[in-house]
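Okay, structure first, notes after.
Only the coordinates and a few stated rules stand behind these numbers; no lab work does. Note that the structure is predicted; figures quoted are calculated from it, not measured. Here the Cβ positions follow ideal geometry from the backbone for every residue, glycine too, while neighbour counts run over all protein chains shown.
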C-alpha cells in the first residue's frame, strides 16, 4: 500500500521547521543544573548548536559564580581587617593594664607617704606619745635621783623629741657611771640602763681614799672597800702608763690571787711589783706575757717562799 501524498508533505514540513538540539561532544563538561558545558576546544564547533535557554542558564551560573567569588573576597578582606583590629586591641590591653597598675601603685605610695608624714608630725608635736614614765636599771651606788637629774627629761615631752644619745651622754657624766644607754619604749616610757664603775684599786689622798676602776678613772672618794689593793704610782690616771700597767696586771690575776694582793706598785711600766697581805712579794716586771705570768704565779704561790719572781715566765723562781 502507498501513503497518501498529503501526509508525507506535512511530515516533511514539520521536520524542516523543528529546532535541532545540540548533542554534547566527547569533551563536554557538566554545567549548572545538570547541563553539560562544552569544553573550550568544542565551543567553536558547538556554539552554533547552543540554544537560548541553555546559554541563559550558563550566563546566570557564571554571574552567580562571579558574585560568590566577590562575596568570598569581601568576606576574607573583612575577616583579615577584624583579626588585625583584634590583635591591635589585644596588644593594647596589657599596656593599658600595666599603665593602670602603675598609676594605682603611685597613688597608693603617695597616700601612704602622706599618711606616714601626718602620723609622724602628729606624734612629734603632740603629747599623744610623751614621756610619762622613766625606768632606770643597773643602779647600785648611784641613786635614781642622780640619774633623773642628769637625764633632764621633762614629763610630757614627746618621745620622738627625746634625743637618746644626748641623754645618755648627760647620764654618763656621773662619776660612778661607766656607760649609759637610753631607749624609747612606746607609748610613754623612757628606759635608762647604766653600768656603774667597779673599783679595782684605791689610793690615799689628803681628802680621803679615792677609788679607781680598771680604766684608771678616779670616780669616787669613799672609804675603801675590803680586799682592794692600794695603788702606788706617781700620777694615777687613765692616761698614765705606769697606772695602766699596774691595772693590767691586776685584771689579769685569777680572783683567788687578786684577793691576796694588798699593794701594787708601778714606779715604771717595767717595774711592776705586788705585795701580798701576808708580806710576800711578787716581782712582775713588764706587762709582756701577762696572761702566762698570771698562770705561773698561781702555781708558784702554793710553794713556800718570800719572793716570787715571774718577770721571766720561762724561768720563774721562788726565794
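Annotations
- Scanning region 200-217 for residues that are surrounded by fewer than 18 Cβ atoms within 10 Å (Cβ to Cβ) and either touching a strand residue (DSSP E or B) at 6+ places or on another chain (Cβ under 6 Å) or farther than 19 Å from residue 251 by Cα (or both) returns 203, 204, 205, 206, 207, 208, 209.
For every residue, the table says whether it meets (1) in contact with a helix residue (DSSP H, G or I) (Cβ under 8 Å, 6 or more places away or on another chain); (2) free of Cβ contacts under 8 Å to residues at least 60 places away in the same chain; (3) not in a loop (DSSP other than H, G, I, E, B).
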{"site": "167", "(1), (2), (3)": "yes, yes, yes"}
{"site": "173", "(1), (2), (3)": "yes, yes, no"}
{"site": "182", "(1), (2), (3)": "yes, yes, yes"}
{"site": "187", "(1), (2), (3)": "yes, yes, no"}
{"site": "193", "(1), (2), (3)": "no, yes, yes"}
{"site": "198", "(1), (2), (3)": "no, yes, no"}
{"site": "202", "(1), (2), (3)": "no, yes, yes"}
{"site": "211", "(1), (2), (3)": "no, yes, yes"}
{"site": "227", "(1), (2), (3)": "no, yes, no"}
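- For region 296-316, a residue qualifies if it is without any contact (Cβ under 8 Å) to a residue 24 or more places away in the chain and either under 17 Å from residue 271 (Cβ atoms) or out of contact with any strand residue (DSSP E or B) (no Cβ under 6 Å at 6 or more places or on another chain) (or both), and the qualifying residues are 296, 299, 302, 304, 314, 315, 316.
This table checks each residue for (1) in a helix (DSSP H, G or I); (2) surrounded by 18 or more Cβ atoms within 10 Å (Cβ to Cβ); (3) under 55 Å from the mean Cα position of the chain (by Cα).
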| site | (1), (2), (3) |
| --- | --- |
| 223 | no, no, yes |
| 236 | no, yes, yes |
| 262 | no, no, no |
| 267 | no, no, no |
| 282 | no, yes, no |
| 304 | no, no, no |
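- Some residue of region 126-147 being crowded, with 19+ Cβ neighbours inside 10 Å, in contact (Cβ under 8 Å) with a residue 12 or more places away in the chain and assigned to a helix (DSSP H, G or I): yes
- Residue within region 238-248 that is crowded, with 19+ Cβ neighbours inside 10 Å and farther than 28 Å from residue 142 by Cα present: yes
- Per-region count, region 271-280, residues loosely packed, with under 15 Cβ neighbours inside 10 Å and either within 14 Å of residue 309 (Cα to Cα) or touching a strand residue (DSSP E or B) at 6+ places or on another chain (Cβ under 7 Å) (or both): 1
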